[in-house]
Amino acid sequence: MHDALELPEYAAVLHLLTAPALWPRTAKHLADGELDWTGLLDETRTMSGGESLLVRIAYELWHARKDVGLWEIPRRLDAHNFARVIEALRICREVPAAVSPLRLAG
């Protein structure tokens, strides 16, 4: 997993999962660079729709599955979280060396 720390996708996932509203619930599932997807997805059961969607988008970015409908992003996220998703997508496009997950985790 530590090789993944250099991937832009990893930085983008961290950017989503460390959103201020999510961090208290996601922090314990992000230990030592590992992503505990089972725990993260389990947390979504008691999250708001928008918070749950952020986790699902992070999962989508990491696993490249088609579980999130594009329509959900503009319709279900508030302006701040919508912007955060756009930022995460931009991070995905960066060159790996230019991305610092630790910089983004704060």
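Computed from the coordinates by the stated procedures, all read-outs in this text should not be read as laboratory data. What you are looking at is a predicted structure, and each value in this text was computed from that prediction instead of being measured. Every residue, glycine among them, receives a Cβ derived from its backbone with ideal geometry; neighbour counts consider all protein chains shown.
The table that follows gives values for the structure above.
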item	result
Selection from segment 5-27 of residues that are assigned to a helix (DSSP H, G or I), under 12 Å from the mean Cα position of the chain (by Cα) and closer than 21 Å to Arg76 by Cβ	Ala12, Val13, His15, Leu16, Leu17, Trp23, Thr26
Search result, residues across segment 26-66 that are surrounded by 16 or more Cβ atoms within 10 Å (Cβ to Cβ), touching a residue at least 12 places away in the same chain (Cβ under 8 Å) and within 17 Å of His80 (Cβ to Cβ)	Thr26, Met47, Gly50, Glu51, Leu53, Leu54, Val55, Ile57, Ala58
